[in-house]
Amino acid sequence: NKIIPVNLKLGENGAYFFNKYCSYHCTAPKGEVLNTAGAGDTILATFYHTLQETLDEATALKKAVVAGSSTAFKSGLTDFSDTEELLKEIKIYMNQKTYPCLSVRRIKIGKTILDKYALQIPCNPYQN
């Protein structure tokens, strides 16, 4: 099995990032959601941009959650003006002891739902 990093977005419950060594959970800041369009794209773009610059997954996840939340709290895309304030509200947790296996049974692509496909992502570095 090939082990790949995974980023899961959970809205008001924050986001998770799993790699083959550990998992991170980042809480979400509180705010009034005005529009979720573009929030997921903002999270992914910010995560990968920050990861390229810092090589730090925890920092990348925190900045990504804050940027996605900022977008959701605005009527349009974020201008990043509130991200420093939102950053103060979130916490990140790292877990090196457990390596969950994610199992996705339902895949949604646009409006199409694929129930017959399954995706298993092992997050255990010792699993072959």
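What follows draws every value from the coordinates through simple rules; no lab data is involved. Since we're looking at a predicted model, the values are computed, not measured. FYI the Cβ positions are ideal-geometry reconstructions off the backbone, even for glycines, and counts take in every protein chain you see.
Here the simple spin-label model places points 7 Å from the Cα toward Cβ, and for GLU12 and LYS91 these points are separated by 1.9 nm. The string of couplings for region 68-76 from the Karplus curve (6.51, -1.76, 1.60, θ = phi - 60°) is x, 5, 4, 5, 5, 7, 10, 7, x Hz, one whole number per residue in order, with x for Gly and Pro.
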